[in-house]
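For reference, the structure discussed in these notes is given below.
The values are calculated or read from the model by the stated rules, or taken from the named source; none is laboratory data. Because the structure is a prediction, the values reported are computed rather than measured. Don't worry about glycine lacking a Cβ; one is built from the backbone with ideal geometry, like all the others, and counts go over all protein chains shown.
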């Protein structure tokens, strides 16, 4: 299990990196390498050239703004997880991060790398979709912002052009007083999700959900925003019958076919259970706000 | 058995080589190696630091865990060339020069936290890294399990390793 | 040392080395100029090889050699059938490199030797093989039918072996039965997954004519014998070393794997050291696996719950080859009645060839399957008779006064009649009930259910035949310079702590600290009589051999010391590395006694002066060495068990099932076990805990996913789910120590014990937890969330 031969470039600037990608159709960006290197060791990925972006100065760090958290391309999962400023404005990040592989992997793997890999069972893509975030893609023709829901196109496929580099991801902060929760079912702790559900919701002063965001991973070929369920739950007190209705409306979102150890039925069952529990947990964490 | 001429057999691969320099266990090292050489192979075969073990080469087992700039990571999922300029620490740096065991190692011995010893260096490096991080350690059963998750052990069933982490915390005054 | 070491929790001698990263596993051995091996493996489960073209690969820079079956001369033969048995009509073993047909995905087709592993893998990918795929059948039952595609063209119905054993009169028992229960259960394919994969390195010294092979094997002496035979070398010219080995669990006891022959061959041909380090993917594809069995078991009972007869028929998947004979199936069939009286037994199996890698023992070796079948049947019988699960077991367990308990007609894996030697089965069951809180569990369960939580109690008993022959040896020598004790045996260790438990045995006899006993094993140059490490036999067989040897050395020490100190032998006591005259402060250090026992001409140090020809200590009549006397304090002896010793235990658990997510959480796990006298309880517990963790893997997680085309879908640790610490619950272990009457130390084996009962415990507990949803049945392990979901769905939930 050794990688096949490749070329290696370690550009110092984004422009240089982009030009290498533009000039070599089989060149691949190397950030943390925690998904790419295993694939290369299995010789399932055989890039012609690795473009190691760790030395590009502009691609490091986290910027926490009032609305948006900017996570640069070389930011490791663990940095995002432990950042105190992030935790203040978006405590959901750390909660989700507990489920991403294991600490030694999170120490090396990058948030943006996980987004670009676009595994539909992974947590980071779901988080970006749940929060309604976006990514910034930079290519030979400049920079563009791609909304999360447009970015994840299908299994391991994103809207990134192959000569583009995703320079940053933009995760919205949580609304003031919002409740939040995430959980997933996996075989082993740290494995990819069989199904995972995240929720952010706000309650008005009468305990009714004024805004509900709900998303799932593991159930389709991309992370999925459960919009029908969101609509059903908005305006309700999130009682048992409301949750029943939301679960019923979410079943169709499960499009993953039967797998050896995970039937379609089991996924739907797990998704339903998670929706009930996660929405309830988020509601418990939400502060009831004065209606405007 | 017939013996072919040794000269007929090549000595090196045709791979292009790159110069790689890093600090390993406090010493600056430089080598010219194939661009595709994994850091695990670099440590083991170029530097002969064979305490770092290789169990899966896909990042699941954790046997090859070393400290990369102070943080635990998989040396099998890192290219040697990627580690250019890094500060690397391996299991060989953990005990004192006279062989005295580090408290984490001592705790493993006291608690029978190892059997075949193959996963042990990776386990120890992961634990040492977490002990070196600032902040409070979660020494509940579940907290220690989470700390150890990411390192497979096939011999011990983990419970003695959990005990060893707790014992190490005592020895290090972190309990 | 007056403290008894046998029975003490002595920390392990080997640990500091391993903890500092100074272990020497095969790939750590420095071999300058070594060449590296990669194999080209079959991508087809069944196919005919039409052609192989290695020309491009041979031209690849850095390649030293490429071998196919045409290039390996006399090695191109079927490898040995290790354990012949009359039940096999046409036993098939593999060739080192495929010739003609391939029989499983991963079978070795060609071997590349190159300057490094990277280059070797490049070249392997350049070898062009044309295959003609053949039809195949993966299903065991279908494979036996007349029109099934064949794994081997000349083996009809894919039937590898067919064997029936009978004890008592089962037909009569079933005729008398007041109730018969019958179930079909299945245990699925798994693998040992040792953390270190297999590894072989070889160096040929053309000048001395010596072949040295480092092999992560459980059987170095057998490998040495085989290599000497295959390469027609004097045994003395072949040295096999099993250095530190990163776990074995049975997978490394098979010989030969193709690399074990081909790597030495390449080293001899190329005149350079050659190394093969199996990678994880290859370990999944090319190294032995175990477990798939489908049992249909019937119990004939009286209304009281007394089981008077058992019938079991099972299919055993042996893979594409059967090099280890029927061992796994035979152990399953002879363990089928467990710790219960059940005097009438009929057990029949068919071993079936499937186009998969060969099946040879993996920790447990058929016992987990037998336990699963029997214990699931016992649970069902209890339910049908309206009896408590503890009660039905209590009524059937063999009582202490009934030992030795013979099962006439059942021959165990050592070819000897199954004879359970000793135990306190009833007491173990009572202890398990107490530790689990079985009395109050029903109330706890009801309370939890009221809160929407589903708790269940799982229970299973097991027996384990351990310590098989034929024999092992021990060599004990007190070194004249240091006074340290050197001990050798013919085993190799994969982490079991042999170096410490054998040291404890010797320390007690020679009055030294276990830290001063240096155990060297796994090296044919150190000791080359013996068999291998398998079947939980090291402590029993080598332990007793070393014990016998230590007694002889002790006698020599005492006689020599008595002579030196001028007292009667019964006045001598051994402690603190010296012989003391009782009740005095007169003593002679062991080093001095060892030195004096070796008549010397040359004094190489001060102590040695006492042993030279003009020194006082050596003065006596006759020649310096009397007729029949040997120099030094040294002995070699052997132990050959009369039969296996039978360890046993009772496991139980409190299990919580989340019906919403279909997940299983083990809240409490209890293990009562008895392996006779414990040499080192710390190490015993380590073995048991490790076994339980593997058992949990087998009960809930580890499943090799073979596709209908014979491909293994999850040949990685990403997808083959070996549990992490987060998946293993706390375990409480309680010991019983019923000495076996069969050996001087009173010990039984423990290596495999932990894993045997876990599957049955988990399935039993999950059924109990989900009782509010109806009588859901779980008759297959590993028990996945998907199965729970399916069962709930079937029951209308």
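In this structure, is residue C:225 in contact (Cβ under 8 Å) with a residue 12 or more places away in the chain and not assigned by TED's automatic domain parsing to the domain that holds residue C:488? Lay out the reasoning, then the answer.
Working: in contact (Cβ under 8 Å) with a residue 12 or more places away in the chain: no; not assigned by TED's automatic domain parsing to the domain that holds residue C:488: yes.
Spelling it out, it is not the case that residue C:225 is in contact (Cβ under 8 Å) with a residue 12 or more places away in the chain and not assigned by TED's automatic domain parsing to the domain that holds residue C:488.
Scanning the stretch C:295-311 for residues that are surrounded by 24 or more Cβ atoms within 10 Å (Cβ to Cβ) and under 30 Å from residue C:152 (Cβ atoms) gives C:295, C:297. What do you reckon, is residue C:234 in contact with a strand residue (DSSP E or B) (Cβ under 9 Å, 6 or more places away or on another chain), over 30 Å from residue C:171 (Cα atoms) and at pLDDT 95 or above? So residue C:234 does not fit the description; no.
For residue C:594, the stated conditions hold: it is under 39 Å from the mean Cα position of the chain (by Cα) and either more than 30 Å from residue C:750 (Cβ to Cβ) or in contact (Cβ under 8 Å) with a residue 12 or more places away in the chain (or both).
Please find, within the stretch C:239-253, the residue that is nearest to the chain's Cα centre (by Cα) out of those that are buried (at least 24 other Cβ atoms within 10 Å of the Cβ) and more than 13 Å from every other protein chain (Cβ to nearest Cβ). By that ranking, first place goes to C:253. Would you mind stating whether residue C:87 is surrounded by 14 or more Cβ atoms within 10 Å (Cβ to Cβ), modelled with pLDDT of 95 or more and away from every other protein chain (no Cβ under 14 Å)? Against the criterion (surrounded by 14 or more Cβ atoms within 10 Å (Cβ to Cβ), modelled with pLDDT of 95 or more and away from every other protein chain (no Cβ under 14 Å)), residue C:87 qualifies. In the stretch C:669-687, the condition of being touching a residue at least 60 places away in the same chain (Cβ under 8 Å) and within 14 Å of chain A (Cβ to nearest Cβ) is met by no residue. Would a scan of the stretch B:32-40 turn up a residue that is in a strand (DSSP E or B), buried (at least 22 other Cβ atoms within 10 Å of the Cβ), touching a strand residue (DSSP E or B) at 6+ places or on another chain (Cβ under 9 Å) and at pLDDT 95 or above? Yes. Mind telling me which of the residues A:22, A:12 ends up being away from chain B (no Cβ under 14 Å) and over 25 Å from residue B:56 (Cα atoms)? Result: A:22 is the single residue among A:22, A:12 that is away from chain B (no Cβ under 14 Å) and over 25 Å from residue B:56 (Cα atoms).
The one condition from (1) away from every other protein chain (no Cβ under 14 Å); (2) within 19 Å of residue C:725 (Cβ to Cβ) that residue C:623 does not meet is (2). The strands (runs of 3 or more DSSP E) found entirely in the stretch A:1-107 that carry 2 or more residues being under 17 Å from the mean Cα position of the chain (by Cα) are A:68-72. Checked against the criterion of being surrounded by fewer than 21 Cβ atoms within 10 Å (Cβ to Cβ) and either more than 21 Å from the chain's Cα centre (by Cα) or part of a helix (DSSP H, G or I) (or both), the stretch A:211-226 contains not a single residue that satisfies it.
Going through A:162, A:187 one at a time, which residue ends up being assigned to a loop (DSSP other than H, G, I, E, B), touching a residue at least 24 places away in the same chain (Cβ under 8 Å) and in the same structural domain as residue A:246 (by TED's automatic domain parsing)?
Just one listed residue meets the conditions, A:187.
Note on the stretch C:192-221: residues that are closer than 14 Å to residue C:256 by Cβ, in contact with a helix residue (DSSP H, G or I) (Cβ under 9 Å, 6 or more places away or on another chain) and either away from chain B (no Cβ under 11 Å) or surrounded by fewer than 23 Cβ atoms within 10 Å (Cβ to Cβ) (or both) total 8. What do you reckon, is residue A:41 surrounded by fewer than 19 Cβ atoms within 10 Å (Cβ to Cβ) and either in contact (Cβ under 8 Å) with a residue 24 or more places away in the chain or at negative phi (or both)? No, not satisfied.
Might you check whether a residue that is farther than 28 Å from residue B:59 by Cβ and either over 24 Å from the mean Cα position of the chain (by Cα) or within 14 Å of chain B (Cβ to nearest Cβ) (or both) occurs anywhere in the stretch C:739-751? Break it down stepwise before answering.
Our first condition is that a residue be farther than 28 Å from residue B:59 by Cβ; within the stretch C:739-751, this holds for C:739-751.
If we keep only those that are either over 24 Å from the mean Cα position of the chain (by Cα) or within 14 Å of chain B (Cβ to nearest Cβ) (or both) as well, we get C:750-751.
Scanning the stretch C:739-751 turns up at least one residue that is farther than 28 Å from residue B:59 by Cβ and either over 24 Å from the mean Cα position of the chain (by Cα) or within 14 Å of chain B (Cβ to nearest Cβ) (or both).
Is one or more of the residues making up the stretch A:99-111 over 19 Å from residue B:59 (Cα atoms) and more than 12 Å from chain B (Cβ to nearest Cβ)? Show your work before the answer.
Here is the first cut: in the stretch A:99-111, the ones over 19 Å from residue B:59 (Cα atoms) are none.
No, the stretch A:99-111 has no match at all.
Here's the yes/no breakdown for (1) under 30 Å from residue C:244 (Cβ atoms); (2) modelled with pLDDT of 95 or more:
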position	(1), (2)
C:550	yes, yes
C:553	yes, yes
C:573	no, yes
C:584	no, yes
C:600	no, no
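Counting only helices (runs of 4 or more DSSP H) that fall entirely inside the stretch B:68-160 and contain at least 2 residues that are touching a strand residue (DSSP E or B) at 6+ places or on another chain (Cβ under 9 Å), within 24 Å of residue C:216 (Cα to Cα) and more than 7 Å from every other protein chain (Cβ to nearest Cβ), the qualifying elements are B:120-132. Does residue A:94 qualify as being surrounded by fewer than 21 Cβ atoms within 10 Å (Cβ to Cβ), within 14 Å of another protein chain (Cβ to nearest Cβ), without any contact (Cβ under 8 Å) to a residue 12 or more places away in the chain and touching a helix residue (DSSP H, G or I) at 6+ places or on another chain (Cβ under 6 Å)? When the stated conditions are applied, residue A:94 does not pass them.
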